[in-house]
Amino acid sequence: MEIKFKKVHTAKDLVISILVIAAGVGLYFVNAGLGVVIGVCGFFMLLFYKAAYKREGENILLSKKALDVSRSCRDSLMSFLNGKDVDPEVNTSATGGIIRLEVYYNADAAIAYAQLFDFSNYTYEAATGIVELRGSKAEKLIARL
């Protein structure tokens, strides 16, 4: 089964958008043109600004972090994602090339979804599928981000 994520609003996104719309309405009475522009910007923020992710079928809000990690950490990360009990190395210095680590996580729920990419021919190619981590394994990875 393929894991898919969709972007969703957080409460913070909605509050910011509503505040910008309210500022636009307030400014309309001072300067009509500026008020309309700010109000329209708030409306577009309400439609398009989504900062969190959800896995399809679940209600846990996730944050996304993408890191370019040194290629020397590849073996450690691959072993960790394959289920071995090792501490993952996350060294962001680019000595000897890079790999990309994308993690969708929620620290409070101790859940993370990680995927590793190799960089070759100027593109990122998936080295692993999306791996679900829960509990202490997720906490180990989240602590390294």
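The values are calculated or read from the model by the stated rules, or taken from the named source; none is laboratory data. In this text, all values refer to a predicted model and were calculated from it rather than measured experimentally. No Cβ is skipped: glycine too gets one built from the backbone with ideal geometry, and neighbour counts run over all protein chains shown. These accessible areas exclude ligands, DNA and RNA; they are computed on the full protein's heavy atoms, side chains included. Shrake-Rupley method; radii C 1.70, N 1.55, O 1.52, S 1.80 Å.
Figures for the structure shown
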item: Hits among aspartates and glutamates - C-alpha to C-alpha of Lys140 under 17 Å, sequence gap 8 or more where chains match; result: Asp75, Asp85, Asp87, Glu89, Glu102, Asp108, Glu132
item: Surface per residue (accessible, 1.4 Å probe) for segment 1-102, Å²; result: 63
item: Using θ = phi - 60° and Karplus 6.51 cos²θ - 1.76 cosθ + 1.60, couplings along segment 139-145 (whole Hz; Gly, Pro as x); result: 4, 4, 5, 4, 5, 7, 6
item: Relative frequency of Cα-Cα separations exceeding 14 Å in segment 37-88, percent; result: 73
item: Percent of C-alpha pairs per 10 Å bin, the chain, short to long; result: 11, 31, 25, 17, 12, 4, 0
item: Sequence-distant aspartates and glutamates (8 or more away, or on other chains) whose Cα lies within less than 16 Å of Lys12; result: none
item: Accessible-area composition of the chain, carbon plus sulfur, in percent [1.4 Å probe]; result: 57
item: Residue-averaged [θ]222 nm for the chain, counting only DSSP H segments that reach four residues, each worth -39500 (n - 2.57); result: -11500 deg cm²/dmol
item: Close Lys-Lys pairs in segment 46-117, where close means Cα under 19 Å and separation is 8 or more or interchain; result: 4
item: Radius 12 Å from Cβ of Ile99, net charge of other residues (Lys, Arg +1; Asp, Glu -1); result: -3
item: Whole-angstrom Cα spans of segment 63-145 along principal axes, big to small; result: 37, 22, 20
item: Spatial extent of segment 1-55: Rg and Dmax, with the Cα atoms as the point set, Å; result: 14.7, 55
